[in-house]
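Engineer: Before we start, here is the structure in question, set down as structure tokens.
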Amino acid sequence: MLSLLLLALPLLARAQDGSLSGPTSSASAANYHCDATKCKLPTCACASTSAPGGIAPADTPQFIVFTADDAVQSYTINAVNSFLAQRKNPNGCPPKMTYYTSLSYTNYTLVTDWYVAGNEIADHTMTHAELPDAAEINGNLIALNALAGIPLSAIQGFRAPFLNYTTQTLQNVAAAGFLYDSSATSSIPATDPGTDAYWPYTLDYGLANDCLSVPDICSGKPVLPGLWEIPMYAIFDEKGAAGPHLMDPWLDGNTSAVLTWMKNAFTAHYNGQRQPFGIYTHPIHLATGYPGVADPTAMVAMVNEFLDWAQVQPNVWIVSNMQLMDWVRNPVPLSQLGTADYLKCSTPQVSQNICNGMPTNEAGLLSHCAFSDFPFFTCYGCPETPPTTADPNPPQATVSGQPLRSRLPANCSTPFWDPIKGQCLCTDSSCAFTDNSRPIGPNGANLTGGGTGGAHTTPTPSYVPFDNGSPLPYLVPDAGVWAALFVGLAGAVFAGAIIL
Ligand SMILES: [Zn+2]
């Protein structure tokens, strides 16, 4: 275990994802020119501070994108749920978010559950590799598909570990068929005339963010037609443009100060061009009750106070980056949001006990893959060896007396696939889901914004962890599990100590 710990530390200590020390671009460094007469939605968009499609700010939804990065474990899911589980969007649906998943220390069955619950699963490389090669990026797709049952078509986004990318990284991402990257930074306040708070744009005319911090980009480079960049929007402290903060800003100051930074940046977007606002988390820093992790209670309360405050303002939606992309590519004014399928919510109607990403159905059906470095559970049969970049989809291990499990085919959606029988319970799209969204009412009726549902004065209900407080609901506490947990936590704590 010691050797594993020593291996993990250099990776996690090298840099904190998303730390900023000042502006990462300027208008002159961008030297950006885009021909808007040729670059048209839905496949091309120029970098612009104005909403796509010529939609006026007053008719534009204010999106809050909520993202989490790195391994998926019960304590990270609980941390995300402590912000989102009790909330509703204006259409009555639970907010969705994007999880940029890396596979080291990830429990695959929780990825399945999180996806089936409606969230976006995106790529953060297999091993959290700095300046990842194609094998790191593509192997993540393959392993998530094979062992978490995420359709390849659903994995559309990429974020570089440590936000550290090059032209080659973006070329790899484009070559793998991703729709978007979200690794670049918007680091100049939206109220500044030279702001780089662009709405998502395509790289048909190169990048217009990070021109001062990433070599050999901007001035028209790199040209990657159709690949979108969703900038990560910084918030700013009392120093303004000289004091940007990006990921986990609650680690950068006392909670009341950070709350003010967040509110000020949100208001600048909301009262300006309604560029998306981002909450970019490493959930380990907000996980409760784990040895060596600082008590996050005050930080969690502060972020919830911010979200309560933001959600009582009209037309505020908490979304995944993929939901944002759906709107950006085909923007509609607020009055038409009620017909946007991508903002609706639905429940798969599956009551059979099959291994399908719905925890109530899965009792006793998960495979325990007891690898010594990071054990995990899966519905899809354990591989003979852990996935690696050289072999992201190893052969399935045989279990005596049991047939091999069938991986998700291209023509069945995850909650309806029975990997044990190898059959799809629903092949007719009309029988698949029950729509739970409610009409959001005529625009202006104040139904398109408003807290957690009902009266705005309703206190935010607190989240009850789905695991009833046990640290790892799917993992029996054998020695290997706790070794992996310890290594993961130790690395995270060490990284935290470095940046603090
Ligand atoms: Zn990361």
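The values are calculated or read from the model by the stated rules, or taken from the named source; none is laboratory data. Just so you know, these numbers come straight off a predicted model, no measurement behind them. All Cβ positions, glycine included, derive from the backbone under ideal geometry; neighbour counts span all protein chains shown.
Engineer: Is one or more of the residues making up the stretch 142-151 within 16 Å of the ligand (Cβ to nearest atom) and either modelled with pLDDT under 95 or under 30 Å from residue 367 (Cβ atoms) (or both)? Lay out the reasoning, then the answer.
Structural biologist: Of all residues in the stretch 142-151, those within 16 Å of the ligand (Cβ to nearest atom) come to 144.
Filter once more, so that each one left must be either modelled with pLDDT under 95 or under 30 Å from residue 367 (Cβ atoms) (or both): 144.
Yes.
Engineer: Under the condition of being away from the ligand (no atom under 15 Å from the Cβ), in contact (Cβ under 8 Å) with a residue 40 or more places away in the chain and not in a loop (DSSP other than H, G, I, E, B), which residue from the stretch 168-200 is nearest to residue 21 (Cα to Cα)?
Structural biologist: Out of the qualifying residues, it is 186.
Engineer: Considering only residues that are in contact with an Asp or Glu (Cβ under 8 Å, 6 or more places away or on another chain) and surrounded by 20 or more Cβ atoms within 10 Å (Cβ to Cβ), which ones fall in the stretch 142-161?
Structural biologist: 144, 155, 157, 158, 159, 160, 161
Engineer: Give just the number: which of (1) outside any loop (DSSP other than H, G, I, E, B); (2) modelled with pLDDT of 95 or more does residue 103 not satisfy?
Structural biologist: With (1) outside any loop (DSSP other than H, G, I, E, B); (2) modelled with pLDDT of 95 or more applied to residue 103, the lone miss is (1).
Engineer: Among the numbered criteria (1) surrounded by fewer than 23 Cβ atoms within 10 Å (Cβ to Cβ); (2) within 16 Å of the ligand (Cβ to nearest atom); (3) not in a helix (DSSP H, G or I), which one does residue 165 miss?
Structural biologist: The single condition residue 165 does not satisfy is (1).
Engineer: Still on this structure: Report yes if residue 112 is at pLDDT 95 or above, within 16 Å of the ligand (Cβ to nearest atom) and either among the hydroxyl-bearing types (Ser, Thr, Tyr) or under 20 Å from residue 156 (Cβ atoms) (or both), otherwise no.
Structural biologist: Numbers: at pLDDT 95 or above: yes; within 16 Å of the ligand (Cβ to nearest atom): no; either among the hydroxyl-bearing types (Ser, Thr, Tyr) or under 20 Å from residue 156 (Cβ atoms) (or both): yes.
For residue 112, the condition - at pLDDT 95 or above, within 16 Å of the ligand (Cβ to nearest atom) and either among the hydroxyl-bearing types (Ser, Thr, Tyr) or under 20 Å from residue 156 (Cβ atoms) (or both) - is not met.
Engineer: When you look at residue 420, is it aliphatic (A, V, I, L, M) and in contact with a helix residue (DSSP H, G or I) (Cβ under 9 Å, 6 or more places away or on another chain), yes or no?
Structural biologist: no
Engineer: Quickly run through the stretch 212-235 and pick out the residues that are surrounded by 20 or more Cβ atoms within 10 Å (Cβ to Cβ) and part of a strand (DSSP E or B).
Structural biologist: Start the filter on the stretch 212-235 by keeping residues that are surrounded by 20 or more Cβ atoms within 10 Å (Cβ to Cβ), which leaves 214, 217-218, 224, 227-235.
Scanning the stretch 212-235 gives 218, 224, 227, 228, 229, 232, 233, 235.
Engineer: If the requirement is being within 15 Å of the ligand (Cβ to nearest atom) and within 17 Å of the chain's Cα centre (by Cα), which of these qualifies: 82, 102?
Structural biologist: Residue meeting the stated conditions: 102.
Engineer: Within the stretch 318-340, is there a residue that is of a type in the set (Lys, Arg), under 26 Å from residue 48 (Cα atoms), more than 18 Å from the chain's Cα centre (by Cα) and surrounded by 20 or more Cβ atoms within 10 Å (Cβ to Cβ)?
Structural biologist: Checking the stretch 318-340: not a single residue is of a type in the set (Lys, Arg), under 26 Å from residue 48 (Cα atoms), more than 18 Å from the chain's Cα centre (by Cα) and surrounded by 20 or more Cβ atoms within 10 Å (Cβ to Cβ).
Engineer: Mind telling me which of the residues 366, 404, 408 ends up being touching a strand residue (DSSP E or B) at 6+ places or on another chain (Cβ under 6 Å) and surrounded by fewer than 17 Cβ atoms within 10 Å (Cβ to Cβ)?
Structural biologist: Just a single option satisfies the conditions, and that option is 404.
Engineer: Does the stretch 384-431 hold any residues that are within 27 Å of the chain's Cα centre (by Cα), in contact (Cβ under 8 Å) with a residue 40 or more places away in the chain and within 20 Å of residue 362 (Cα to Cα), and which are they? It would help to see each step written out before you state the result.
Structural biologist: Filtering the stretch 384-431 for residues within 27 Å of the chain's Cα centre (by Cα) gives 386-394, 407-419, 429.
With the extra rule that they be in contact (Cβ under 8 Å) with a residue 40 or more places away in the chain, the set shrinks to 387-390, 392-393, 407-408, 410, 413-419.
Once the filter is applied, which keeps residues that are within 27 Å of the chain's Cα centre (by Cα), in contact (Cβ under 8 Å) with a residue 40 or more places away in the chain and within 20 Å of residue 362 (Cα to Cα), the stretch 384-431 yields 407, 408, 413, 414, 415, 416, 417, 418, 419.
Engineer: Just to check your reading of the model, which residue among 130, 136 is assigned to a loop (DSSP other than H, G, I, E, B) and either within 17 Å of residue 66 (Cα to Cα) or within 16 Å of the ligand (Cβ to nearest atom) (or both)?
Structural biologist: From the options 130, 136, the qualifying one is 130.
Engineer: Can you tell me how many residues in the stretch 363-383 are touching a residue at least 24 places away in the same chain (Cβ under 8 Å), at negative phi and assigned to a loop (DSSP other than H, G, I, E, B)?
Structural biologist: Residues meeting the conditions: 10.
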